[in-house]
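Step one of this worksheet: look at the structure below.
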Amino acid sequence: MPAHMDEIATIAQDYFDQHEAHAVMLVDHQISMALGKSAWEEALKWYRVRHRLRRLQMLHAGGKTSRLAY
């Protein structure tokens, strides 16, 4: 597994340990900050973290999805 994927998995797991809505809000804030600085690679990393976090949340909920998942 590439090193950047390990980093994404680790960050997503750290955020997963927080309340679901709060975790997504924090990751969205990181995305906004990166986009505001035109830091495209950083924004892409946080989008990947968000996707991984939502997948973890769905798996934890028994595979149920919501409209807010994506």
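What the table shows:
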| item | result |
| --- | --- |
| The stretch 1-62: relative contact order in percent, alpha carbon pairs under 8 Å with at least 6 residues between | 43 percent |
| For the stretch 7-22, 3J(HN,Hα) per residue [Karplus equation, 6.51 cos²θ - 1.76 cosθ + 1.60, θ = phi - 60°, Hz, x = Gly/Pro] | 5, 5, 4, 5, 5, 4, 5, 4, 6, 4, 6, 9, 4, 3, 5, 5 |
| Ordering of 46-57, 26-37 by packing [mean C-beta count within 10 Å, highest first] | 46-57, 26-37 |
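Read-outs throughout are calculated quantities, based only on the coordinates presented, and are distinct from any laboratory measurement. All values reported here derive from a predicted model rather than from experimental measurement. Every residue, glycine as well, gets a Cβ built from its backbone with ideal geometry; the counts of neighbours run over all protein chains shown.
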